[in-house]
Amino acid sequence: MKIVVIQGPNLNMLGVREQNIYGPMKLEQIHAQMQEVATQNSLEIEFFQSNLEGEIVDKIQECYGEAHGIIINAAAYTHTSIAIRDAIAAVSVPAIEVHISNIHRREDFRKENMIAPVCTSSIVGFGPFGYHLAMMGMIQIFNEIAASQEAQRQAQEKA
Ligand code: DQA
């Protein structure tokens, strides 16, 4: 099973940008922790960061038929990008969105969220730990899919 982690604009600046909001952890450190969880659970994981909306759309499209789960922090594009929302909806791959900060407690423009309605779940305000929670959530989704496929297989066997 493969997870693709997609990080939007300015997340390459974690550890430098607004540490009072996003903390001191760098993106590479977050990814190293996610890689560990993936390895422990025999999952394939790919990391992608871009500051460009179209590149993020391309990466989501690449997930079609290739990835089993998407973990995405679309960053500022969360609040503006119908293109990213449509791409997630198009590929029918379970997606979990993560926000390091609690976007509901910040400026009003961050309350608009184009991405959440097409995601299975949103994790906000836990800091970088949110990415770990997203890994746990994705493993749960995979387990549920496997269980329902097994139940279907057994039902077909009986029929
Ligand atoms: C963010 C929240 C967004 O509003 C902001 O533009 C970001 C990061 C977060 O992880 O808290 O770049 O997605």
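The values are calculated or read from the model by the stated rules, or taken from the named source; none is laboratory data. The model shown is predicted, which means the values in this text are computed figures rather than measured ones. All Cβ positions, even for glycine, are placed from backbone atoms using ideal geometry, and neighbour counts span all protein chains on display. Ligands, DNA and RNA are stripped out before the accessible areas are found, and what is left, the full protein with its side chains, is counted by its heavy atoms. Shrake-Rupley method; radii C 1.70, N 1.55, O 1.52, S 1.80 Å.
So here's what we get for this one:
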read-out: Residue within region 140-151 that is open to solvent by 60 Å² or more (accessible area, probe 1.4 Å), among the acidic types (D, E) and either touching a residue at least 12 places away in the same chain (Cβ under 8 Å) or within 16 Å of the ligand (Cβ to nearest atom) (or both) present; value: no
read-out: Residue among E28, E66 that alone is loosely packed, with under 15 Cβ neighbours inside 10 Å and either touching a residue at least 60 places away in the same chain (Cβ under 8 Å) or polar (S, T, N, Q) (or both); value: E66
read-out: Long-range neighbours under 8 Å by Cβ, at least six apart or interchain, first residue open to solvent by less than 30 Å² (accessible area, probe 1.4 Å) within region 38-62, second modelled with pLDDT under 95 and in a helix (DSSP H, G or I); value: none
read-out: The one condition in (1) of a type in the set (G, A, S); (2) in contact with a strand residue (DSSP E or B) (Cβ under 7 Å, 6 or more places away or on another chain); (3) within 17 Å of I3 (Cβ to Cβ); (4) without any contact (Cβ under 8 Å) to a residue 40 or more places away in the chain that A116 fails to fulfil; value: (3)
read-out: S122 being of a type in the set (S, T, N, Q), open to solvent by 50 Å² or more (accessible area, probe 1.4 Å), within 13 Å of the ligand (Cβ to nearest atom) and within 15 Å of the chain's Cα centre (by Cα); value: yes
read-out: Selection from region 1-25 of residues that are crowded, with 17+ Cβ neighbours inside 10 Å, near the ligand (Cβ under 10 Å from one of its atoms) and not in a loop (DSSP other than H, G, I, E, B); value: Q7, L11, Y22
read-out: Qualifying positions in region 105-115 - crowded, with 16+ Cβ neighbours inside 10 Å and in a helix (DSSP H, G or I); value: R110
read-out: Flag for A76 being within 8 Å of the ligand (Cβ to nearest atom), in a helix (DSSP H, G or I) and open to solvent by 20 Å² or more (accessible area, probe 1.4 Å); value: yes
